[in-house]
Structure formats: structure tokens, C-alpha cells
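What follows is a set of notes on a single structure, which appears directly below.
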Amino acid sequence: MSLKKQFIKTKPVCKVTFSIDAKDADSAAVVGDFNNWNAEEGTLSKLKNGTFKATYDLVKDAIYEFKYVIDGMYVNDPEADSYKWNDFAGSENSVLVV
């Protein structure tokens, strides 16, 4: 799993690439504050090596909670900037700081 941040000097956005290694999975998505936890809006594309990946423009100077959804199972990113307990979900969410 990996998070890559590319800050754009001319715009108030950061290009964030979400990727997760899930060779045996049929589908993967990233859900979070930035897409209203909507898996359809966070669909990741599967590469030939089994990694799922997508890049999104996120507003800079913000903190986002997120998770991956792999074949319907919610998974945190071990390389997240931090983790935050969520009472609604009853578990921790990954945190991304941009």
C-alpha cells in the first residue's frame, strides 16, 4: 500500500495517488471524507501486477479520513499519516494530511 503526494504550486490542490497491493481481489476502491465515503466515486484501477491505483486532486491544507474497500472489506493503509478512532464505524480510520 502506498500514498504519494504531489503538491501543485499554481493550484490549491495536491495530487494524491492511492495504491494498494491486492493481487487476488476483484475490486478495490478508496473511500473517505473527500468523496462522501462513496465506493463508486473512489474506484481504483487494477494494474497487471495486481496493484489497484488511482490519483485524485484533493484540497491542500486539509485532513482527510479514509479507508480502502477490497472486495467489500474495509482496510486501513499502513502508510497513513496517522489513524483516528471513528465511533460510527467502531474502528480506526486512516488519516491523510495534505
- Taking segment 71-85 on its own, how many of its residues are part of a loop (DSSP other than H, G, I, E, B) and farther than 11 Å from I20 by Cα? 4
- Task: Just one of (1) at pLDDT 95 or above; (2) surrounded by 12 or more Cβ atoms within 10 Å (Cβ to Cβ) trips up G72, so point out which.
- Result: (2)
- Note on the structure: From the option list V16, V98, V31, single residue qualifying as touching a Gly at 6+ places or on another chain (Cβ under 6 Å) and open to solvent by less than 20 Å² (accessible area, probe 1.4 Å) is V31
- Which residue pairs have Cβ atoms closer than 8 Å, lie 6 or more positions apart in sequence or on different chains, and pair a first residue in segment 56-81 that is on the phi > 0 side of the Ramachandran plot with a second residue that is in a strand (DSSP E or B) and open to solvent by less than 40 Å² (accessible area, probe 1.4 Å)? D71/A28
- Task: Look at L44 and say whether it is of a type in the set (A, V, I, L, M), surrounded by 12 or more Cβ atoms within 10 Å (Cβ to Cβ) and modelled with pLDDT under 95.
- Result: no
- For segment 1-35, what are the residues that are under 12 Å from the mean Cα position of the chain (by Cα), of a type outside the set (K, R) and more than 23 Å from K48 (Cβ to Cβ)? V31, G32, D33, F34, N35
- Task: Give just the number: which of (1) in a strand (DSSP E or B); (2) exposed (fewer than 13 other Cβ atoms within 10 Å of the Cβ) does L58 not satisfy?
- Result: (2)
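The values are calculated or read from the model by the stated rules, or taken from the named source; none is laboratory data. Here the structure is a predicted model, which is why all the values come from computation and not from measurement. When we count neighbours, we look across all protein chains shown, and the Cβ atoms used for this are built from the backbone with ideal geometry, even at glycine. For the accessible areas, the whole protein counts, side chains as well, though only heavy atoms, and no ligand, DNA or RNA atoms are used. Shrake-Rupley method; radii C 1.70, N 1.55, O 1.52, S 1.80 Å.
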